[in-house]
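Read through the structure below, which is laid out as structure tokens, and then see the notes.
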Amino acid sequence: LKLSNNFIVGNVPKEIGRCVNLRTLLLDGNVLEGSIPKEIGAVSELRVLDLSRNSLTDEIPKELGKCRKLSVIVLTNLEEFSDDRSLETFRGEYNAFVGGVSKEVFMISSLSVFWAPRANIGGRLPENWGTSCSLRVVNVGQNYMEGVVPESIGLCRDLTVLDLSSNLFSGKFPSTLRFGSRI
């Protein structure tokens, strides 16, 4: 279901949870408000979810972690533009979530891309990453995440892009991360 770049208003309907065979849900670039419905966790075949460039708020539902085949989550997508190259401005991104991302979402075994820069998310990264981690890209830059970057994130062997910039992390940098990657 691709409804990208329209003028769809209102909320993401809770009834989306009845579309259990839906594989792709692209609602980016609309005028959607409110929260991501927790019923989305019932969409067991979901593989790609893009809700960026809307006006969504509230918490990212932990029920999203029930989508065991989900491989791509895009919650924000900043577009840079400027008439004057000395100015850096952003357009079209108004999602501002509350709270953190639950470990149930980060630990989806098929998840390869989690993209949420400047999404207003807080909380911490999970402590228990394992060798079954399939993450390749994680962008949570420009948020309010805190705590230490866990050593176990280095067990995500396919991780090639990791953007943790402009957060509130502290402590030592994980020695388990390989520097041959683009991190």
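Summary of computed values
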{"item": "Cβ pairs under 7 Å, 6+ apart, first in the stretch 47-72 and buried (at least 22 other Cβ atoms within 10 Å of the Cβ), second of a type in the set (D, E, K, R)", "result": "L51/D28; S52/D28; S52/E93; R53/D28; R53/E93; L56/E33; L70/R47"}
{"item": "Set V9, V20: member being farther than 17 Å from L111 by Cα, touching a strand residue (DSSP E or B) at 6+ places or on another chain (Cβ under 7 Å) and not aromatic (F, W, Y)", "result": "V9"}
{"item": "Any chance L87 is at pLDDT 95 or above and either surrounded by fewer than 17 Cβ atoms within 10 Å (Cβ to Cβ) or not in a loop (DSSP other than H, G, I, E, B) (or both)", "result": "no"}
{"item": "Residue pairs meeting the criteria (Cβ under 6 Å; at least 6 apart or on separate chains; first in contact (Cβ under 8 Å) with a residue 12 or more places away in the chain and more than 20 Å from R136 (Cα to Cα), in the stretch 95-113; second charged (D, E, K, R) and open to solvent by 40 Å² or more (accessible area, probe 1.4 Å))", "result": "V98/D58; V98/E59; G99/E59"}
{"item": "Given (1) exposed (fewer than 15 other Cβ atoms within 10 Å of the Cβ); (2) out of contact with any Lys or Arg (no Cβ under 9 Å at 6 or more places or on another chain); (3) polar (S, T, N, Q), number of the condition S35 does not satisfy", "result": "(1)"}
{"item": "Single residue of the stretch 3-32 satisfying the filter (charged (D, E, K, R) and over 15 Å from T76 (Cβ atoms)) that is least open to solvent (accessible area, probe 1.4 Å)", "result": "E15"}
{"item": "Exclusive hit being of a type in the set (A, V, I, L, M, F, W, C) and either at pLDDT below 95 or in contact with a Pro (Cβ under 7 Å, 6 or more places away or on another chain) (or both), set L64, L78", "result": "L78"}
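The values are calculated or read from the model by the stated rules, or taken from the named source; none is laboratory data. Note that the structure is a prediction, hence the values are computed from the model and not measured. Cβ sites come from the backbone with ideal geometry, for glycine too, and all protein chains shown count toward neighbours. These accessible areas exclude ligands, DNA and RNA; they are computed on the full protein's heavy atoms, side chains included. Shrake-Rupley method; radii C 1.70, N 1.55, O 1.52, S 1.80 Å.
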